[in-house]
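Input: a single structure, listed below in structure tokens.
The values are calculated or read from the model by the stated rules, or taken from the named source; none is laboratory data. In this text the structure is predicted, and so the values were computed from the model without any measurement. Virtual Cβ from ideal backbone geometry, glycine too; neighbours counted across all protein chains shown.
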Amino acid sequence: MVVGRRVGGALLTLAVLGAATGCGGGGDTSSSPLSSSSAAPSSEETTSPATSSSARPTATSSAPATTTAPATTTSGGPLGTEDAGRRLTLADFFQPRPDWTEQRYDIAGQQDLQGIGVEVGGCSSAFELEMRLQNNFDQLEFSVGQADDSAASDQEVVVEVIGNNAQIDIRTVPFNQLQPFTVPVDGVNALKIQVTLNEELATGCSDSVTAVLVDAKVR
């Protein structure tokens, strides 16, 4: 009986061990290979190309260069009472022709006289200077002579003064003489000074002199 119990206990023990072995599922104890981890990003940074924001062109609206207009002789508007007594220049005469030149002249031995001159030829018509006085003055003063460097020295300049289309004065001025004029201009608005050569002395178109008006003043 004792033997039978021992055999039975041994069998029981074997059964328990077998059951324990079955619970292990007889599974494969070898570990399955680890799935390779996804590759880590490379230490080298991939930089996306920088978007260079192109600088907007600055609106440089450069103003057009100012063009300075060339200097011209003014038309010489009407003279006012404030012009009395001062020496008149070419710009004070009304729309003078470009033939007239204002500069310094030697006349009758007097040097560097400031004057308004014109080349007068034997075949040329009269050259004139006009003034708009607006009935503001009583008299006009000026002198006329021939420049010392005139082409001819045997001619006479005829000077005629016309006020409101009527002759006020007329005289001849020979070479080497500076002749003064004093002309009444009371009630005169438009006044003209005309110069030409004396036709009785001029022998041809080649004869010419430089007639010069100096020290013109209104009072």
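Looking only at segment 115-140, residues that are surrounded by 15 or more Cβ atoms within 10 Å (Cβ to Cβ) and at pLDDT 95 or above come to 16 in all. Any residue at all in segment 155-174 that is without any contact (Cβ under 8 Å) to a residue 12 or more places away in the chain, surrounded by fewer than 19 Cβ atoms within 10 Å (Cβ to Cβ) and closer than 30 Å to Gly77 by Cα? Yes, that holds for at least one residue. For Ser206, which of the numbered conditions (1) within 21 Å of Leu88 (Cβ to Cβ); (2) assigned to a loop (DSSP other than H, G, I, E, B); (3) of a type outside the set (D, E, K, R) fails to hold? Among (1) within 21 Å of Leu88 (Cβ to Cβ); (2) assigned to a loop (DSSP other than H, G, I, E, B); (3) of a type outside the set (D, E, K, R), the lone unmet condition for Ser206 is (1).
Against the criterion of being touching a Gly at 6+ places or on another chain (Cβ under 8 Å) and either over 21 Å from Leu197 (Cβ atoms) or surrounded by fewer than 13 Cβ atoms within 10 Å (Cβ to Cβ) (or both), Ala84 does not qualify.
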